[in-house]
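Here's the structure we're looking at; comments come further down.
The values are calculated or read from the model by the stated rules, or taken from the named source; none is laboratory data. As the structure is a prediction and not an experimental result, all values here were calculated from the model. Methodologically, a virtual Cβ is constructed for each residue, glycine included, from the backbone with ideal geometry; neighbour enumeration extends over all protein chains shown.
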Amino acid sequence: MITGLDHAQRAAPPGSEERPRAYHLDVPGTQEAPKPPSPAA
């Protein structure tokens, strides 16, 4: 049985990140963490 969730990562097309972000922040008990820096190429 799943009793918790440590983190979730979602992908979205460029320019549309706000819509899924808002959806997931509406889930009770969720908090937003800072976005990590992009990996160096």
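Scanning segment 14-41 for residues that are over 20 Å from residue 3 (Cα atoms) and in contact (Cβ under 8 Å) with a residue 12 or more places away in the chain returns a single hit, 33.
May I ask you to verify whether residue 10 is in contact with a helix residue (DSSP H, G or I) (Cβ under 6 Å, 6 or more places away or on another chain) and among the basic types (Lys, Arg)? For residue 10, the condition - in contact with a helix residue (DSSP H, G or I) (Cβ under 6 Å, 6 or more places away or on another chain) and among the basic types (Lys, Arg) - is met. The set of residues in the chain that are hydroxyl-bearing (Ser, Thr, Tyr), modelled with pLDDT under 80 and assigned to a loop (DSSP other than H, G, I, E, B) comprises 30, 38.
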